[in-house]
Amino acid sequence: MKTGHIGLALLLGAGWAAAGEVWVADLGLGNMAQGYGAPQKNKSVDKHPLKLGGRTFEHGVGTHAESIFELDLQGGADRFTAVVGVDDEVKGSAASVEFKVTADGKEVFTSGLKKAGMEPSKIDLDVRGVKGLLLEVTDAGDGINFDHADWADAKITFHGAKPVVGPAQKEEAVILTPKAPATPRINGARITGVRPGHPFLYMIAATGERPMTFAAAGLPAGLRLDAHTGIIKGSVAQPGTYKAELVAKNARGAVRRELRIVVGDQIALTPPMGWNSWNCFAHAISAEKVKAAAKAMVESGLTQHGWTYINIDDFWECHKDSKDPTLQGPHRDAEGHIMPNPRFPDMKGLTDYVHDLGLKVGLYSSPGPWTCGDCVASYDHEELDAQSYAAWGFDYLKYDWCSYSPGMEKTRTRPVSFAPMAKYLTNGAPAKLVHNMRPYAVMRAALDKQNRDILFSFCQYGMGEVWTWGEELGGNCWRTTGDITDTWGSMAGIGFSQHGHEAYAGPGHWNDPDMLVVGQVGWGHLHPSKLTPNEQYTHISLWCLLCSPLLIGCDMTQFDDFTLSLLTNDEVLEINQDPLGKQAGRVSKDGNLEVWAKKMEDGSLAVGLFNRGAVACRVTAKWSDLGLAGKQRVRDLWRQQDIGEFDSQFEAAVPRHGVVLVRIWPAK
Ligand code: GLA
């Protein structure tokens, strides 16, 4: 569109800003997303004066990879100018970034690789007629550490409407998941494990009109089904694999599905699915909030899709030195048993409440004297704590490394067992590895003495390549990374760096790239996830492909329809819960475009076509990369629709930061 002089006069007359220039930093940086810290006006991300190649700049934006800032130039701008580079505050570090500018979907500038200490680059772009201007800093493919990046002197000159922040076209939260039909459908895990004689709890997950009744044929001796709730309980003495036939029935019809119950020494035969309090409530958790979460998991319908665990993270214990009276109290009783803080007056009552809803319930601790949040942890009390967890009725333990150090092994007052790592102690494994393993071996041995299955989650951020020994030490899952936050940089940085870990996951033992960040999250200060709708599709698709534990991190009493739709797509969740338990790996990468594939038990492949770039692109999954040959049937999993049959590849348009998730079977 051209704006002539008359047009301009009319626009000015209609109250538009006068022609001029504006510093980008003055437009407001609230919408700028980045992988670490917060964007700074006229300062570096660490709040020093902006400095590039020895020169200080008065104006500009200090950011951190991976960073995205969208401007709406409203078609009235003339030029965009800036000087870009890695800020001198990280000189000598391994920082490396790339700056990119995209105008209405077309890449118009790339800086190439910019490392710490390199000369900055000048940008001077003609942006006449442009609406959407996207300023991007990538991690240049090697992670975001030290990537302090400056858009120094970033300025826009304009003749028409003044540029504003925000995308020219806002991404709409389009719900793709179709509504479940009124006829009954059984969802959730098709296989479940329990140890002989230990309490068993499994709720049949089924969608469809209520009232619904349930039946089960072939349950092993010791298990009973409640026909109205669909909850199966009891315990089985005899080891073995039992094939039960589940039935769900309502006024519209009946459906049957097999459930394999494996009574043996393995649990977590599919990745755990549930909720954890940390990403929403953090230090502000209480028994009331836990109960509300459990109730919301049922009332929102999530349990009809296989969601099961309600996990309490840090801050159920008393705090080291907080002034908050609800975090104060005796740390332990006279015998050394841990005492919850006053927000958790009745642990057994709380687990009964959750179990009665058909759900399982989890708890948190650390191997040092204090947790990551400085609450009482398990050091020198591991066995007593494991006894308490079992007596209270907990089903899951997240054991979070904080405050442990090897020297502590010398100051124990109670005997402990290191049996799970005996071979490493006798074979002279490197001290560092032994150090990483020891606290997990101690708690594993303590849990093994309980007559209850407690899923054991190692949380130590990947130290000592935990994936290579986590299974052997009896971990059911292990964090592979630091903490996630609800930014593209954090989520995508973690998710896409899981390539290579697929060799180590399998039934009973899973890699854990941390919890979900969709819905109302905020670590004590709730806000809607900062991930865009497409980024959220990427997040859920990738975590399902990765066989990751799926732990919802939002306030479940405040679900919106979009978030619910992300968490209730049974064809997508089935990828995560497939009994074969094969984690996806990357099969091809072309710049920002990546294809990841996961083998399914029925011989099909689940395939994610991802676009990590900031502009919509076509992504191709080639049969040669997927190990396929001949005609294949392709189904879109989010839309739950067959797409068609293809001979040698499947290609799809993928939105920026988005995904197309498909399943591929040989055509008949
Ligand atoms: C660590 C963990 C988080 C959370 C907090 C609790 O940061 O990685 O997931 O459990 O501790 O303090």
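The values are calculated or read from the model by the stated rules, or taken from the named source; none is laboratory data. This is a predicted model, so every value here is computed, not measured. So basically every Cβ, Gly included, is an ideal-geometry build from the backbone, and we count neighbours across all protein chains shown. Just so you know, the surface numbers come from the protein's heavy atoms only, side chains and all, with ligands and any DNA or RNA stripped out. Shrake-Rupley method; radii C 1.70, N 1.55, O 1.52, S 1.80 Å.
Starting from 0.36 nm per residue, how many nanometres of slack lie between Lys432 and Asp356 once their C-alpha separation is accounted for?
Details: separation 76, 0.36 × 76 = 27.36 nm, distance 4.38 nm.
The Lys432-Asp356 span can extend by a further 23.0 nm.
Distance from the alpha carbon centroid of segment 452-490 to that of segment 537-562 works out to 17 angstrom.
Shown in residue order for segment 295-310 are the 3J(HN,Hα) couplings computed by the Karplus curve 6.51 cos²θ - 1.76 cosθ + 1.60 at θ = phi - 60°: 4, 5, 5, 6, 5, 6, x, 4, 5, 6, 10, x, 6, 9, 8, 10 Hz (x for Gly and Pro).
Kirkwood Rh, the chain, all Cα pairs: how many Å? Final number for the Kirkwood radius of the chain is 26.9 Å.
Dividing the C-alpha radius of gyration of segment 63-194 by 2.2 N^0.38 Å, with N its residue count, gives 1.50. Overall shape of segment 273-577 was characterised from the C-alpha gyration tensor. The equivalent ellipsoid obtained from it has semi-axes of 29, 24, 17 Å, in decreasing order. Accessible surface for the chain, divided over its residues, is 40 Å² per residue with a 1.4 Å probe. Please report the base-10 log of the normalised intensity I(q)/I(0) for segment 280-324, using a Debye sum with one equal scatterer per alpha carbon and no solvent, at each q in 0.16, 0.21 (1/Å). Each listed q maps to, in turn, -0.51, -0.74.
Each 10 Å bin, from zero up to the one with the longest distance, holds this percent of the alpha carbon pairs of segment 185-263: 20, 54, 22, 4.
Report, to the nearest whole %, how much of the accessible area of segment 21-165 belongs to carbon and sulfur atoms, 1.4 Å probe, protein only.
Whole-percent figure for carbon plus sulfur exposure: 46.
Ordered by solvent-accessible area of protein heavy atoms (1.4 Å probe), largest first, the residues Asp26, Asp78 come out as Asp26, Asp78.
Among all the lysines, which ones have a C-alpha under 26 Å from Lys599's C-alpha, if same-chain residues fewer than 8 places away are not counted? Filter leaves Lys243, Lys582, Lys589, Lys622, Lys631, Lys668. Cross-link reach is defined here as a Cα-Cα straight distance under 19 Å, omitting same-chain residues fewer than 8 places apart; for Lys360 the lysines meeting it are Lys233, Lys289, Lys291, Lys295, Lys348, Lys398.
Our Cα-only numbers for segment 388-532 put the radius of gyration and Dmax at 16.9, 51 Å. 3J(HN,Hα) couplings calculated from phi for segment 635-648 with the Karplus curve 6.51 cos²θ - 1.76 cosθ + 1.60 (θ = phi - 60°) are, in sequence order, 10, 7, 7, 5, 7, 6, 9, 5, 9, x, 10, 9, 8, 9 Hz; Gly and Pro show x.
Treat segment 462-508 as a sphere of radius equal to its Kirkwood radius over Cα pairs and apply Stokes-Einstein at 37 °C in a medium of 0.692 mPa s; give the translational diffusion coefficient in µm²/s, rounded to a whole number.
Values: Rh = 11.6 Å.
Once the numbers are plugged in, D ends up at 282 µm²/s.
Near the amide H of Met515, within less than 5 Å, lie the amide hydrogens of Ile484, all on another chain or at least 5 residues away, with H placed in the peptide plane.
Using just the helices of the chain, give the 222 nm mean residue ellipticity in deg cm²/dmol: DSSP H runs with n ≥ 4 each add -39,500 (n - 2.57), and the total is spread over all residues, rounded to 500. Before the final figure, lay out the partial values.
Details: 12 runs with 111 residues, N = 668.
-4500 deg cm²/dmol, from helical runs alone.
Among the cysteines of the chain, those with no neighbouring cysteine Cβ under 4.7 Å are Cys280, Cys318, Cys375, Cys459, Cys477, Cys544, Cys547, Cys554, Cys617. Each other residue within a Cβ distance under 14 Å of Thr563 adds +1 if Lys or Arg and -1 if Asp or Glu, for a net charge of -4.
Given the whole protein assembly as supplied and a 1.4 Å probe, what does the accessible area of His283 come to in Å², nearest 10? Here the residue's solvent-accessible area equals roughly 80 Å².
So for the chain: antiparallel DSSP bridges make up what percent, rounded to the nearest 5? Walk me through the intermediate numbers first.
Numbers: 117 of 144 bridges.
The answer is about 80 percent antiparallel.
For the set Lys291, Lys162, Lys360, Lys432, solvent exposure ranked by accessible area (probe 1.4 Å, protein chains only) runs largest to smallest as Lys432, Lys162, Lys291, Lys360.
Within the accessible area of segment 273-577, the carbon and sulfur atoms contribute 54%, probe 1.4 Å, all protein chains present. The simple spin-label model puts a point 7 Å past each Cα toward its Cβ; for Lys631 and His499 those points are separated by 3.3 nm.
Amide H to amide H distances under 5 Å link Gly166 with Glu70, Leu71, Asp72, where only residues 5 or more positions off or on other chains count and H is placed in the peptide plane.
With the Cα gyration tensor of segment 354-419 in hand, convert its eigenvalues to equivalent ellipsoid semi-axes via √(5λ) and list them largest first in whole Å. Before the final figure, lay out each step's value.
Details: eigenvalues 126, 38, 15 Å².
Over the Cα atoms of segment 354-419, the ellipsoid semi-axes are 25, 14, 9 Å.
Count Lys and Arg as plus one, Asp and Glu as minus one, and take only other residues whose Cβ is under 12 Å from that of Gly585; the net charge is then +2. When the Cα centres of segment 114-137 and segment 180-196 are compared, how far apart do they sit, in Å? When both Cα centres are located, 51 Å separates them. In angstrom, the C-alpha Rg and Dmax of segment 573-668 are 12.6, 38.
DSSP loop GluC sites (Glu not before Pro) in segment 167-248 with at most 11 other Cβ atoms within 10 Å of their Cβ, which ones? Don't jump to the answer; show the numbers that get you there.
Working: sites: Glu171, Glu172, Glu209, Glu245; in loops: Glu171, Glu172, Glu209.
Passing both the DSSP loop test and the Cβ count: Glu172.
In percent, how large is the relative contact order of the chain, given Cα pairs closer than 8 Å and 6 or more residues apart? Don't jump to the answer; show the numbers that get you there.
Details: 1718 pairs, mean separation 69.1, N = 668.
That works out to 10 percent.
Taking amide H positions as modeled 1.01 Å from N, with prolines and chain starts lacking one, the residues under 5 Å from Ser366 and 5 or more places away or on another chain are Ser378, Asp400. Within the shell defined by Cβ-Cβ distances under 10 Å, the residues around Glu107 carry a net charge of +1, with Lys and Arg each +1 and Asp and Glu each -1. Structural size metrics of segment 28-97, computed from C-alpha coordinates, are Rg and Dmax of 12.9, 41 Å.
3J(HN,Hα) couplings calculated from phi for segment 446-460 with the Karplus curve 6.51 cos²θ - 1.76 cosθ + 1.60 (θ = phi - 60°) are, in sequence order, 5, 5, 4, 7, 8, 9, 8, 7, 10, 4, 10, 10, 7, 10, 9 Hz; Gly and Pro show x.
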